[in-house]
Amino acid sequence: MFMFELKPLSQDAIPAALEKAMRYRLLNEPGEAESICQDVLRTDPENQQALVILLLSVTDRFGKNYTVGVTHAQDILPRLRDLYERAYYAGIICERRVKAQLYRAGPGAALDAYESLREAMTWYEKAEQLRPAGNDDALLRWNACARIIMSNRLAPRIEEKIVLQSE
């Protein structure tokens, strides 16, 4: 296997690179956006915009036959400095994971989807408490989750109790 030394991005090129990463996301090319964000983060490891775009690019790939796991997206969260963004993007991760589960529609997908949507809604409620004035993004996402639950008639798991009879 060939190993290459990656070429570093200059500090001055970061704004244009981030715009290009956003464009690739909009073109449904999350792998390209992720690669650009990795280059930006090699030059500026704390760049918050690059971390957000990276997280979104990773979650764009959920359920689309890419070898990307939820853990990869969750590993980015602690690097976000803003508590609102941590809570909001934790909700995004849950919500996008659910949508991938519903798309695959395997056994138990609806039950798992309900639980994951409720988890996303909990994160959005936390983000709501931390949101800056005029930013209702968390409310919009909470409402979207509620609509998915209602339109798909999702419900929580019913716990079954096993009664043992003595002889």
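Hey, among ALA16, ALA73, ALA33, which residue is within 25 Å of GLU119 (Cα to Cα) and of a type in the set (Gly, Ala, Ser)?
The unique qualifying residue is ALA73.
Quick grid of which residues meet (1) out of contact with any His (no Cβ under 7 Å at 6 or more places or on another chain); (2) surrounded by fewer than 20 Cβ atoms within 10 Å (Cβ to Cβ); (3) not aromatic (Phe, Trp, Tyr):
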| position | (1), (2), (3) |
| --- | --- |
| LEU27 | yes, yes, yes |
| ILE53 | yes, no, yes |
| VAL58 | no, no, yes |
| PRO78 | yes, yes, yes |
| TYR89 | yes, no, no |
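Name the helices (runs of 4 or more DSSP H) wholly within the range 1-113 that hold at least 1 residues that are on the phi < 0 side of the Ramachandran plot, of a type in the set (A, V, I, L, M) and touching a residue at least 60 places away in the same chain (Cβ under 8 Å)?
By residue number, no helices (runs of 4 or more DSSP H) qualify.
Is it the case that ARG157 is at negative phi and either under 12 Å from the mean Cα position of the chain (by Cα) or modelled with pLDDT of 95 or more (or both)?
no
What are the pairs, 6+ residues apart or on separate chains, where a residue within the range 116-132 that is within 16 Å of ARG157 (Cβ to Cβ) and free of Cβ contacts under 8 Å to residues at least 24 places away in the same chain has its Cβ under 9 Å from a residue that is among the polar types (S, T, N, Q) and assigned to a helix (DSSP H, G or I)?
Note: pairs meeting the criteria are SER116/GLN101.
From the list GLU115, GLU119, which one is open to solvent by 20 Å² or more (accessible area, probe 1.4 Å) and out of contact with any Pro (no Cβ under 8 Å at 6 or more places or on another chain)?
Details: GLU115 fails: out of contact with any Pro (no Cβ under 8 Å at 6 or more places or on another chain).
Selected residue: GLU119, the only one of GLU115, GLU119 that is open to solvent by 20 Å² or more (accessible area, probe 1.4 Å) and out of contact with any Pro (no Cβ under 8 Å at 6 or more places or on another chain).
The values are calculated or read from the model by the stated rules, or taken from the named source; none is laboratory data. Because the structure is a prediction, the values reported are computed rather than measured. Glycine also receives a Cβ, built like all others from the backbone with ideal geometry; neighbour counts cover every protein chain displayed. Each accessible area value is taken on the protein alone, full model and side chains, heavy atoms only, with ligands, DNA and RNA left out. Shrake-Rupley method; radii C 1.70, N 1.55, O 1.52, S 1.80 Å.
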